[in-house]
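To start, the structure under review is shown below, and the notes come after it.
Rule-based calculations on the coordinates, nothing more; no lab input. Keep in mind the model is a prediction, meaning the values are calculated, not measured. Cβ sites come from the backbone with ideal geometry, for glycine too, and all protein chains shown count toward neighbours.
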Number of protein chains: 4
Amino acid sequence: MRSLKDLKERVWKCNLALYEQGLVKETFGNVSGLDRESGIFAIKPSGIQYKELQPEDIVLVDLDNNVIEGILNPSSDTKTHIVLYKAFPKINGVAHTHSTFATAWAQAKLPIPCLGTTHADFIQGDIPCTNDLTKVQINSDYEIETGNKIIERLNSVSYSDVKMILVAGHAPFTWGLDPEEALKNTIILEEIAKLAYLTIKINPLVNSLSDDLLNKHYLRKHGDKAYYGQRKKIKFGEDNV
Amino acid sequence: MRSLKDLKERVWKCNLALYEQGLVKETFGNVSGLDRESGIFAIKPSGIQYKELQPEDIVLVDLDNNVIEGILNPSSDTKTHIVLYKAFPKINGVAHTHSTFATAWAQAKLPIPCLGTTHADFIQGDIPCTNDLTKVQINSDYEIETGNKIIERLNSVSYSDVKMILVAGHAPFTWGLDPEEALKNTIILEEIAKLAYLTIKINPLVNSLSDDLLNKHYLRKHGDKAYYGQRKKIKFGEDNV
Amino acid sequence: MRSLKDLKERVWKCNLALYEQGLVKETFGNVSGLDRESGIFAIKPSGIQYKELQPEDIVLVDLDNNVIEGILNPSSDTKTHIVLYKAFPKINGVAHTHSTFATAWAQAKLPIPCLGTTHADFIQGDIPCTNDLTKVQINSDYEIETGNKIIERLNSVSYSDVKMILVAGHAPFTWGLDPEEALKNTIILEEIAKLAYLTIKINPLVNSLSDDLLNKHYLRKHGDKAYYGQRKKIKFGEDNV
Amino acid sequence: MRSLKDLKERVWKCNLALYEQGLVKETFGNVSGLDRESGIFAIKPSGIQYKELQPEDIVLVDLDNNVIEGILNPSSDTKTHIVLYKAFPKINGVAHTHSTFATAWAQAKLPIPCLGTTHADFIQGDIPCTNDLTKVQINSDYEIETGNKIIERLNSVSYSDVKMILVAGHAPFTWGLDPEEALKNTIILEEIAKLAYLTIKINPLVNSLSDDLLNKHYLRKHGDKAYYGQRKKIKFGEDNV
């Protein structure tokens, strides 16, 4: 078991990676990482510039939204992270950015169709987009309702199969088994979103990938018969810094 | 109170930041910062390459457009800055670039619709675009008329609520409480402009953000009930280098 | 004759170049290089991050798909490389990426028309795109069938004349006399794909390049009467790091 | 008067700048600089990678296309440069790239309309595009005919007023009083081309800039009444490294 200090360090690195990869600007976005055993997660503080962010600035919060450690206010999206941690018991990482292409699809209020194997490698179908929040939802606890909207949109789809979503008019959220996987899914999502954009601009009439190809590529990397990577030799997820 | 030497240093850094962020090329663009008490502002010299710019090159000018200090000619947009400083008594920073996406919207002569919360976080509605200058205005004092066009376009909207504008056929101007905030608004504006471009390309029929969501996001960051960032702990604006 | 150790080193450098040039993200893509004499080729391991890749991680495989040297699993596309090496006896390098614009054309399932001399310098006509794999092909040996699809699409066109192809719904493959040339063709392909995209967006009705101009540019660089470069003085291909 | 060794050094730096600014890839493109007095110009060698280019690799050629100094073949576009040097007696620099957006407009075979003041600052009207070369022209001395096509397209427009042009189906050429100005015009042209592309995508119906605004911006920087920059204090062109 890793200590909370290590967790803060890892979450700090993941947040920096968002910035270094060009997925966030200014103070937008946040990655968090949860230690399930203690029920405490580490998250970026609100409104702090990435280039000034230090490990000690990372805030520790519990799943009842109490700040456990840290002198700064946690991210204003904290309650959305909490909703997801409670609803998805197997995840320990959540990432949120306003990365350019994923956010454009979210603002367009459209799911990202699966147009290629780059997408199929990660999601076995469209990347979903929520409906709009209602006026009531916006004016109640907005961040909690954003989280609820995500859960509602997934519906019967497992959060273990689809780890990326667009919040309509807002931006993407991703999650994973740890903050590193949430980060990786954010990177991949932006790439998929960019490819999908260009593809529909070149050929607006192109069909989504056939189910056969979709399944082939998804199951190369997921499930019992997966053969991509070093699954027999190296534990998945550790490859990410 | 900071000295004018400090002001020149800060304005120099803000100008360099425009270049480092890819918002300007060659000698385009300029940031200025005003010391209200003395009525003297610091501005980039005209036609000097950013990569050669030194703090001592920054020119000091008063609000009657007299050069107070500096051997170089001030930016050719200086009089536009002056018009804004006189019309907006609470601002102490102005920035002007030909950043790619904001300039494309200005050349398209269209306001940027509010299509997402990234935009709503900063402006509670469209980012306005001026009308064209008339032939008379172009041939009189062009830089002064450009400033007047900006004020005319804002009309009854407060310059404290809308700190970004597109000058039709030309490019964006932003302002703020200090040069650092003007710089930040330029960075944000470019991001918003890019997202809006991609969004309308994906879904030309998408509606602007609902008023409820617009207000929710704007008021998270502005006004009495703001809860974004470290407002209780760290003074807004100091986060920017 | 270069040793296999040298070959691993060269292939490692080519793979790093893919990453440094922004043509791949995360663990996508791979370059391989073949030593025809021994029938052994070097290829990137599966699912390893580029920024962690070391020369000793490069796997040696023979043309019957036996791992000859290396503790890691070779790329999951290895069998596709083998199909191409067997079908194209003069090539000793293969590269595969999901580079943005080339992949968008592949996802659009369209060949890249020859719209300019940048393209004509390298390919004397369209850059072809395969048909979709059939359900049977997907569910048999998928990577082998991908290779077969490439060969089928080239048809009567010589693999020495057309060294780039798009696999429909998937991504580009390129090849060359050595891994360095395969790498170079990947870089060029992405550039051509980007230019073609922008061109059809500016002018959807533009015609492909005339045969005269197509031939002029292609034959400046290829064949007996080539006069581009230092062909008389420096061996082609050594210019690439 | 600067020596030819200095000229080679300056031309080398300008060529490197093309690469560092992302305006060329691999071995594409070239900048040359002429010493009018001796009738000798320095130009990049053909097919050499920019990252390997050294000052001593720069080739000296005279206006009759004889290599005066250098062991490498000069650029394959050398004769086009010669045609321009002979036809435009006041220029001493020529630059040619396949920069992304300018080349897209050239492949689209359309002039770049003047849609904003960024453009008007440099060219008082459209950036012209040549017609296609005829079959006869392509099959005669192609590089010479390319140069002739440029001259033909300018027609009655002065080469001192319009220093940028697109060669249809090919790419841009620029020139200037020295290689540094040719380089600067290449940078500016790419920027203008990019802005124009985005502008017509946002608003396909937007009109070109009015003559009044066009003239105002152009004459701010050119002619007797120019007031942009440090014209009274610093010689124009020396600002470029």
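Structural remarks
- Taking label positions 7 Å along the Cα-Cβ direction at both A:Asp62 and B:Ser208, the computed distance is 4.5 nm, reported to one decimal.
- Cα-Cα over 27 Å, subset of B:Lys201/C:Lys194; A:Lys25/A:Lys135; A:Lys79/A:Lys109; A:Lys13/B:Lys225; A:Lys216/C:Lys8; A:Lys79/A:Lys216: A:Lys25/A:Lys135; A:Lys13/B:Lys225; A:Lys216/C:Lys8; A:Lys79/A:Lys216
- Remark: region D:78-94, residue by residue, has Karplus-estimated 3J(HN,Hα) of 3, 5, 5, 4, 4, 4, 5, 4, 6, 7, 10, x, 9, 8, 9, x, 9 Hz, where x stands for each Gly or Pro and the curve is 6.51 cos²θ - 1.76 cosθ + 1.60 at θ = phi - 60°.
- In Hz, Karplus ³J(HN,Hα) per residue of region A:147-155 (6.51, -1.76, 1.60; θ = phi - 60°; x = Gly, Pro): x, 4, 4, 5, 4, 4, 5, 4, 6
- Counting only alpha carbon atoms, the long axis of helix A:211-221 and the longest principal axis of chain A meet at about 40°.
- Amide H contacts under 5 Å for A:Trp175: A:Ala95, restricted to partners 5 or more places along the chain or on a different chain, H placed in the peptide plane at 1.01 Å from N.
- Contact order relative to length of chain A, as percent, for alpha carbon pairs under 8 angstrom and 6 or more apart: 20
- Between the listed residues C:His98, D:Leu133, B:Phe122, the Cα displaced farthest toward the positive end of the dipole of the protein assembly as shown, a dipole computed from Cβ unit charges relative to the Cα centre, is found at D:Leu133.
- In chain C, the longest principal axis of the Cα atoms and the axis of helix C:4-20 are about 50 degrees apart.
- When each of the peptides A:193-206, C:46-59, B:73-86 is scored by the mean number of other C-beta atoms lying within 10 Å of its residues, the order from highest to lowest reads B:73-86, A:193-206, C:46-59.
- Computed about its Cα centre, the charge dipole of region B:2-222 is approximately 440 debye, with only Lys, Arg, Asp and Glu carrying charge at their Cβ.
- Which of D:Asn15, C:Ser32, C:Ile192, positive extreme of dipole for the protein assembly as shown (C-beta unit charges): C:Ile192
- Inter-chain Cβ neighbour average for residues A:205-218, partner chain, 10 Å: 4
- Inter-chain Cβ neighbour count for D:47-56, averaged per residue, equals 2 (cutoff 10 Å, partner chain atoms only).
- Burial ordering of C:Arg36, B:Arg220, fewest other beta-carbon atoms within 10 Å first: C:Arg36, B:Arg220
- When each of B:Asp132, B:Asp62 is scored by the number of other beta-carbon atoms lying within 10 Å, the sequence from fewest to most is B:Asp62, B:Asp132.
- Distance histogram in 5 Å bins (all Cα pairs of chain B, percent per bin): 1, 7, 14, 18, 20, 17, 12, 7, 3, 1, 0
- Distance to the D-onto-A rotation axis is smallest for one chain D Cβ; residue and value in angstrom are D:Lys201, 5.
- Rounded to whole Hz, the Karplus (6.51, -1.76, 1.60) HN-Hα couplings of region A:22-39, x for glycine and proline: x, 8, 9, 10, 6, 10, 5, x, 5, 10, 10, x, 10, 9, 4, 4, 8, x
- Remark: label point of D:Asp224 defined 7 Å out from Cα along the Cα-Cβ vector; separations to the same position in other copies 6.3, 6.4, 9.0 nm, ascending.
- Within region B:163-188, backbone nitrogen closer than 11 Å to the virtual label 7 Å beyond the Cα of B:Arg36 toward Cβ: B:177-178
- Working from label points 7 Å from Cα in the Cα-to-Cβ sense, the C:Leu177 to A:Val136 distance is 7.3 nm.
- Charge dipole magnitude, Cβ of K and R +1, D and E -1 - the protein assembly as shown, Cα centre, debye nearest 20: 660
- Here the scattering of region C:53-115 is modelled by Debye summation over its C-alpha atoms, one equal scatterer each and no solvent; at q = 0.17, 0.18, 0.20, 0.26 Å⁻¹ the log10 of I(q)/I(0) is -0.78, -0.84, -0.93, -1.13.
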